[in-house]
Amino acid sequence: MIKNLLVVCFIFLIACNNNSKSKHKNMKPDFTFRTLTKNEKALYKGKAATLYHNILNSNFSGGILVAKNGEIIFEQYNGFSHFSTQEKITENTPIHIASVSKPLTALAILKLFEENKLQLTDSIQHFFPNFPYHAVTIMQLLSHRSGLPNYLYFMDTAWNKNLKATNIDVLNFMIEKQPEAYAMPDKVFHYCNTNYVLLALIVEKLTHQAFPDYMQEKIFTPLTMKDTYVFSIKDTSNYTPSYSYNDKPFALEPFDCIYGDKNVYSTVRDLLKLDNALYQHTIISATTTQKAFTGYSKEKKGFKNYGLGFRLFIDNADTVVYHGGWWHGNNALFTRLLKDTATIITLGNKYNRSIYNTKQLATIFSNNADKDLSD
């Protein structure tokens with residue numbers, strides 16, 4: 001009897017373990033793209049090439065990709081990953097995507113939400129009891145409605161410039177110094193990098209993994225984003241630097257090892273894989289995706305809004321989901337035209353504000369050029 005009972009328990013444990021593993025796998029696609037005809041591809045490619053040359057000047061160093069129905073219709077790489085050695089940027093060169101990292105952090109949180117490891121209504125004190133700002137929820141962190149102060153400002157003059165700060169340092173600084181909040185929670189939309197630093201820490205708290213490791217295991221590897229990683233202190237000796245106008249590289253600064261709000265290095269092709277997964281709901285479900293693409297800041301009237309990790313331009317049924325980014329010499333823009341199932345991704349490692357104007361390539365699909373997609 002005891003032997004049989006042990007066998008049953010062993011089988012039960014194996015089953016539970018398998019179920020636990022299976023729930024972390026990405027889901028099966030529930031959406032199929034229509035295959036483009038050769039004529040469509042040629043037409044789109046010609047229009048995209050013309051606009052590319054009109055918009056991006058000779059200063060452009062980076063990569064651009066335009067896709068329709070999940071297919072690449074135009075891509076171009078220009079400039080150097082290392083100007084000193086004249087090493088050219090290719091489709092496999094990881095570039096810092098700056099705040100375009102925030103949608104990826106949001107997806108990690110929403111994935112944990114679907115696994116019932118957190119609730120969007122959970123307060124920060126649920127994870128960090130000593131956190132001095134009360135009534136701030138995960139939902140408010142995701143939607144930039146926490147009212148928290150921005151660490152890039154309150155730590156700028158107070159932090160030892162000889163030390164590389166980490167996410168834990170930001171948390172401990174806020175607990176110890178309690179810098180003044182920008183606003184009461186849920187009072188107003190206030191774009192704030194601190195929100196996503198804390199979200200990355202929550203991922204680490206729940207998963208008992210370093211955030212870069214979790215992202216690699218649960219998002220980048222399943223989506224075969226082979227040239228994507230989260231930068232941290234261990235990567236400081238090997239990375240693609242960014243450059244100013246005079247081709248001089250930016251040196252690493254005290255806040256360059258903080259992640260969640262930034263510090264994902266990726267390529268336009270890898271981000272297209274992410275884009276396809278969002279359409280096909282293989283990272284998070286259609287229901288959760290819709291929650292992420294819903295605007296939560298309605299105190300200001302207009303088309304612009306912010307969802308859960310994504311900027312939105314909502315014009316009736318024609319929604320553009322996008323996010324821009326800037327850090328040192330890096331500029332990035334990730335634009336998703338939902339009605340057209342089209343995507344424009346531009347990443348640069350040499351400061352160039354013209355990158356944000358690549359949103360104009362939306363005109364080759366529809367009337368989206370009239371939409372102001374600036375941050």
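A short reminder: the numbers here are calculations on the coordinates, not readings from a lab. Bear in mind that the values here come from a model prediction, so they are computed numbers and not experimental data. Here the Cβ is made from the backbone with ideal geometry for all residues, glycine too, and neighbour counts use every protein chain on show.
Quick notes on this structure:
- Sequentially through the range 63-80, phi angles give Karplus couplings (6.51, -1.76, 1.60; θ = phi - 60°) of x, 9, 9, 10, 10, 9, 6, x, 10, 6, 10, 7, 8, 8, 10, 8, x, 10 Hz, Gly and Pro residues having no value and appearing as x.
- With contributions of -39500 (n - 2.57) from each DSSP H run of at least four residues, the per-residue ellipticity at 222 nm computed over the chain stands at -9000 deg cm²/dmol.
- Taking trypsin sites (Lys or Arg not before Pro) across the range 167-227, the ones in a DSSP loop with at most 14 further Cβ atoms lying within 10 angstrom of their Cβ are 187, 226.
- Of the DSSP H helices in the chain, those whose Cα atoms cover at least 27 Å axially and whose Kyte score averages 1.0 or more: 2-22
- The range 104-256: C-alpha gyration tensor shape, a/c 1.5 cut-off, then a/b vs b/c: oblate
- Cleavage-rule hits, trypsin sites (Lys or Arg not before Pro), the range 265-308, DSSP coil, Cβ neighbours within 10 Å at most 14: 298, 300, 301
- Taking the fewest neighbouring Cβ atoms within 10 Å as the starting point, the ordered list for 80, 211 is 80, 211.
- Using the Cβ of residue 229 as centre and a radius below 11 Å, the other residues enclosed give a net charge of -2, where K and R count +1 and D and E count -1.
- Whole-Hz ³J(HN,Hα) from phi, Karplus 6.51 cos²θ - 1.76 cosθ + 1.60, for the range 140-155, glycine and proline x: 6, 5, 4, 9, 6, 10, 7, x, 6, x, 8, 4, 4, 9, 6, 9
- Stokes-Einstein diffusion coefficient of the chain, Kirkwood radius over Cα pairs, 37 °C, 0.692 mPa s, in µm²/s: 151 µm²/s
- Going by neighbour counts of Cβ atoms within 10 Å, the residues 214, 196, 191 line up, fewest first, as 191, 214, 196.
- Note, ³J(HN,Hα) from phi for the range 340-356, Karplus 6.51, -1.76, 1.60, rounded to Hz, x at Gly and Pro: 9, 6, 10, 9, 10, 10, 10, 10, x, 10, 10, 3, 7, 5, 4, 4, 5
- When both the range 233-264 and the range 102-123 are represented by their alpha-carbon centers, they are found 27 Å apart.
- Exposed loop sites are taken as GluC sites (Glu not before Pro) in a DSSP loop (any state but H, G, I, E or B) with at most 10 other beta carbon atoms within 10 Å; the longest stretch of the chain without one runs 1-179.
- Choice from 182, 356, 265 showing the highest fluctuation, given a GNM over the chain with Cα pairs closer than 10 Å: 182
- For the chain, the dipole from Cβ point charges (+1 on Lys and Arg, -1 on Asp and Glu) about the Cα centre works out to 720 debye, to the nearest 20.
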